[in-house]
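Chemist: Pasting a structure here, questions to come.
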Amino acid sequence: RALRAYFIAKPPDAVIFYHSVLGAVFTGECGDEHPPARWLGELIAEATGYPYKHFTYYDVTGDATNWLAERSIPALTVELSTRTETEFQRNWKGIMALQCHFVLGEAHIPALDKAVHQRCANLLGGS
């Protein structure tokens, strides 16, 4: 209930949950009215190397990502590839990709614009 109250009081721009052990990225969705946030799934999949999939493994009767999607809040679950490792480095790249997405999408300060773009490119292994 604490997370629910927090998300209602301060709706986030995006939410990432971590779980194991399917080794993929799954976005929340709630029917045709609230489709998945594909941009988020594609962004995190590209940065982390996990495949972006539609969850069809078993019926889910309640899921935080679907509840958030119903409220137009982009959300996904990163399913780790193992139960014993954090896969920190690849997941850090996903977090940084999301931060760069939001930072670069904000109004820019011209003097910092080039530096921010370069830092994000360096963090994500681009040019």
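The values are calculated or read from the model by the stated rules, or taken from the named source; none is laboratory data. Predicted, not measured: the structure shown is a model, and the values here were computed from it. Cβ coordinates were reconstructed from backbone atoms using ideal geometry, including for glycine residues, and neighbour counts include every protein chain displayed. Remember, those area values only see protein heavy atoms, side chains included, never the ligands or the DNA or RNA. Shrake-Rupley method; radii C 1.70, N 1.55, O 1.52, S 1.80 Å.
Chemist: Can you send over the carbon and sulfur percentage of the accessible area for the chain, probe radius 1.4 Å, protein chains only?
Modeler: 54 percent
Chemist: What share of the DSSP beta bridges in the chain is antiparallel, in percent to the nearest 5?
Modeler: Around 40 percent of the beta bridges assigned by DSSP in the chain are antiparallel ones.
Chemist: For the pair V116 and V60, what calculated FRET efficiency results from E = 1/(1 + (r/R0)^6), where r is the Cβ-Cβ distance and R0 = 30 Å, to the nearest 0.05?
Modeler: 0.20
Chemist: Moving on. Could you size up the charge dipole of region 29-104 around its Cα centre, putting +1 on the beta carbon of Lys and Arg and -1 on that of Asp and Glu, and report it in debye to the nearest 20?
Modeler: Dipole about the Cα centre, nearest 20: 320 debye.
Chemist: Using θ = phi - 60° and the Karplus relation 6.51 cos²θ - 1.76 cosθ + 1.60, list the HN-Hα couplings for region 87-95 in order, rounded to whole Hz, with x at every Gly or Pro.
Modeler: 6, 3, 4, 6, 6, 4, 4, x, 4
Chemist: Taking the chain as a whole, which cysteines find no other cysteine Cβ under 4.7 angstrom from their Cβ?
Modeler: Among the cysteines of the chain, those whose Cβ sits 4.7 Å or more from every other are C30.
Chemist: Just to be sure I understand the curve: with the Debye formula and one point per C-alpha of region 1-62, what is log10 I(q)/I(0) at q = 0.17, 0.21 Å⁻¹?
Modeler: One equal scatterer on each Cα of region 1-62 leads to -0.72, -1.05.
Chemist: With θ taken as phi - 60° and the coefficients 6.51, -1.76 and 1.60, list the Karplus ³J(HN,Hα) couplings across region 72-84 in order, rounded to whole Hz; mark glycine and proline as x.
Modeler: Result, ordered by residue: 6, 10, x, 8, 8, 10, 8, 8, 4, 7, 9, 8, 10 Hz.
Chemist: Applying the Karplus parametrisation 6.51 cos²θ - 1.76 cosθ + 1.60 with θ = phi - 60° to the phi angles of region 14-22, what ³J(HN,Hα) value in whole Hz is obtained for each residue in order, glycine and proline being reported as x?
Modeler: 6, 9, 10, 10, 10, 8, 9, 8, 9
Chemist: May I pose another question? Given labels modelled 7 Å from the Cα in the Cβ direction, how far is it in nm from A5 to F102?
Modeler: About 2.2 nm, to one decimal.
Chemist: Moving to a separate point now. Write down the accessible area per residue of the chain in Å², having rolled a 1.4 Å probe over the full set of protein chains.
Modeler: Here the residues of the chain average 65 Å² of exposed surface.
Chemist: Would you please give the residues with an amide H less than 5 Å from that of G49, counting only those at least 5 places away or on a separate chain, with H modeled from the backbone geometry?
Modeler: Placed amide hydrogens put nothing under 5 Å from G49.
Chemist: Just how large is the dipole of the chain about the Cα centre, in debye to the nearest 20, putting +1 at every Lys and Arg Cβ and -1 at every Asp and Glu Cβ?
Modeler: Magnitude of the dipole: close to 400 debye.
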